Every structure is written in C-alpha cells, then in structure tokens.
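Notes follow once the structure below has been shown.
Values in this text are rule-based calculations from the coordinates and carry no lab data. Keep in mind the model is a prediction, meaning the values are calculated, not measured. Glycine gets a Cβ as well: all are built from the backbone with ideal geometry, and neighbour counts include every protein chain shown.
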Amino acid sequence: MLRCGLLLLLLLPQDSDLVEQLGDPDPKVREHAMSALAARGSAIRGELLQARRHRDPEVRGRALDLLCRFDPDLALERLIRLQRGTKLTFLPREGRELPPGTAVTDGARFWFSRRPWAPKGEVLGTVLETADEPRLEGFVQWTVASVRSKRDLPVETCATHSPLRVYVPGASPEQLVVTLKGTRHWRCEVPLEFKDPAEGDSQRLGGYTLTLKWPTIVVKADRPTLQTELTAALLTEEIQGELKPGRKRDRFGGRRTLVARSACGVRAVEDPAWCGCSGGPRPGSRAPLPTVQDAEVSTGLGSNPIDDYARISLLFHLPVEEAFEVSSPPLQ
C-alpha cells in the first residue's frame, strides 16, 4: 500500500509542470492547471512569482491571475494599473509634437509663458506664468522647483498667486526653463462586498480601513488624506444592500452634506507688484488644503437592522497619489 501511495505521488504533476501547462495549447489542460494551482493556494507563491518572468505571455498572465486571488495588495496594484490609462487621458507619447510653450505629464498639460516686468519702463525682472489643463478624474498640485538659464536663478513667490505666477528678478536671460514638481490625484474604483455583515466588520484596502458602524460606514486612512478626496471616496448612493430571504425592505434615502467654499475675487489695485498684489507679494506660501484621517458615510440602509442583510456591496473610490516632475521647453 505504501509503495502504491509513493508511486501515485510521483505520478502527480509537480508545481513546475502545472505552471508550464498554463500555456498549453489545449484549453482544458490550461484550465485544469489553473484549478490545481489555485487549490494549492499561497504555498505556490514563489513559483508563480517566477512565472511572471516566463517567456510565454499566456503563462505570465495566468500566473498573475492566480497571484491576485490570494494577494489583495497585488490585485489592487493590478486594478490601479488597468484603470490608469482610462483615468488619465493625457499620456506622453514618443515623438508627439506639442503646441509651443507646453509640456505634458501623465494626466495634465502645462502651459508656460514669460513676460518682462517693467512697471515704469525699466525692466526689473521676468514674470513666469504657468497654467494647467488637467485631463484626469481628479486634479494636480505643483510647485515651481527651479528656474534655470545657464544656472539656477533666484525665484520670488507670492502666497496668493504662486505657483501660477513667479518672478525672477534682474536682467532677463535669453531663455529660461521652468521645472515643476507636484502630485497627481485621481481615484481608482474598487468594488467591495461585506457578506453576512455584522457590526464592526472591516476591510483593509490600500492604506484605508472600512468599518461597519451601522447605519454608517467609517473610512479611516493610515495617514492624513486630503479632505476632499476622503469624503468623495465613498458615496451613499452607490451603497447597495441585499436582504436575506423573508426580510422586508424598508429603505430610506441617504443624505449628503455639501460644503460651499468661497473664493476671493480679483480687484483692481494701484501700483501692483509683479504678482498683482498691492504693495508687494504676499509673504509665505499658499495655505495647504485641509487633511483628515476619518470620514463617516451613511449607508442609506438604516431602516433595516444590519442582521437583515445577506450582503452589502459598494464602490470605493480609492484615492491615488502619484508624484510627477515636468519641465517647460526653453522659453525665449
């Protein structure tokens, strides 16, 4: 009996054989290999990671599919990569000709211009202006990292008008290159589900924890996140509940609170500075956008107790932040 068992064990396909079968021409063989490897779970993680460098793209793709089944971080990374091309419609292309004075980074196009600053007829310096045309479901933040001619030049800023407008004092160089550094903010849509939900159930997702605090869901970030991004990550109208058999639906609509923000208007001033402020640029830097780590969102399902639900499904708009750097063409 022992001899038969050893013989049977030897006849079973090894992990390496199953990985190779992921690229077999016969679809039945491929599907059998997928099922056999999936049944072995995370024990074959090492083999699957090696298979991601396999010469056969079919093997690479199926190995990644298997890895994503038991590695949520890898599955999220893959989802972000898949959605990135649709969320960011400005993507640099090799050899693409751009309009004069523009530069493109993923998700945004920047327009650059320069003009002399001569309030009384004598040129005192150069005003550099930058405007962005975002093409993503989000926004970009940036600062002017440097202004360079043959060397780095001193740059003056204004807390009100920078980084849209900065100033280089002194004689105007023949050409200038402006370098921007910033952060690109967009959202990746991730479907989530709580099965047989109970008070206090939670799920982790890319630095965020979602916890059921009936009739709300609390979203907690691992680190301070822009308030606008965290409050938009989960919307009441996208939360759905499926009742258990025999339970009666008694749903009321959720409510969202909108906060209006006012912006200062532009007014004419006498003897403005290079930035437009009266009496000189406003010192300091622009106030940062407010950040939070917690947000509480109504599920809109509160007429029923949580025990009435078989599952609660939602769409989490995961905030994605990416650093970028882009330089202007030479500005004459």
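If you fit an axis through the alpha-carbon atoms of helix 27-40 and take the longest principal axis of the Cα set of the chain, what angle between them do you get, 0 to 90°, nearest 10?
90
Once the piece of chain linking E58 and S35 is laid out straight, how much longer is it, given 0.36 nm per residue of separation minus the C-alpha distance between them?
Details: separation 23, 0.36 × 23 = 8.28 nm, distance 1.56 nm.
Extra length from E58 to S35 when fully extended: 6.7 nm.
For the chain, what does the relative contact order come out to in percent, with C-alpha contacts under 8 Å and a separation of six or more? Mind showing how you got there, number by number?
Values: 593 pairs, mean separation 62.5, N = 332.
With pairs under 8 Å counted, the relative contact order is 19 percent.
Compute the helix-to-body angle for 2-11: its Cα long axis versus the longest principal axis of the chain, expressed 0 to 90° and rounded to tens.
40
Between beta-carbons, use under 12 Å as the cut-off and find the net charge around G61, counting Lys and Arg +1, Asp and Glu -1.
Numbers: positive: R30, R52, R60, R62, R78; negative: D56, E58, D65.
Around G61, the surrounding residues sum to +2.
Considering only Cα-Cα distances, which of the following residue pairs are longer than 32 Å: K87/K150; K87/K195; K28/K87; K120/K181; K195/K220; K181/K213? Walk me through the intermediate numbers first.
Details: K87/K150 38 Å; K87/K195 30 Å; K28/K87 36 Å; K120/K181 34 Å; K195/K220 20 Å; K181/K213 40 Å.
Flagged as over cut-off: K87/K150; K28/K87; K120/K181; K181/K213.
Excluding R148 itself, what net charge comes from residues whose Cβ is under 14 Å from its Cβ, given Lys and Arg +1 and Asp and Glu -1? Intermediate results must be reported in sequence, preceding the final value.
Values: positive: R114, K150, R151, K181; negative: D152, E174, E325.
After counting each charged neighbour, the total is +1.
Given DSSP loops and a limit of at most 10 other Cβ atoms within 10 Å, what is the longest stretch of the chain that contains no such trypsin sites (Lys or Arg not before Pro)?
Details: sites that count: R53, R55, R93, R96, K120, K150, R151, K248, R255, R261, R267.
Within the chain, the longest run free of exposed trypsin sites (Lys or Arg not before Pro) spans 152-247.
Could you grab the relative contact order for the stretch 137-260? Cα pairs under 8 Å, six or more apart, rounded to a whole percent.
Working: 117 pairs, mean separation 21.7, N = 124.
Averaging sequence separation for qualifying contacts and normalising by length gives 18 percent for the stretch 137-260.
In a shell of Cβ-Cβ distance under 12 Å around T157, excluding T157 itself, what net charge do Lys and Arg (+1) and Asp and Glu (-1) give?
On the way: positive: R165, R282, R286; negative: E156.
Local charge sum for T157: +2.
Which of these values of Cα Rg over 2.2 N^0.38 Å was calculated from the structure shown: [x] 1.41; [y] 1.08; [z] 1.02?
[x]
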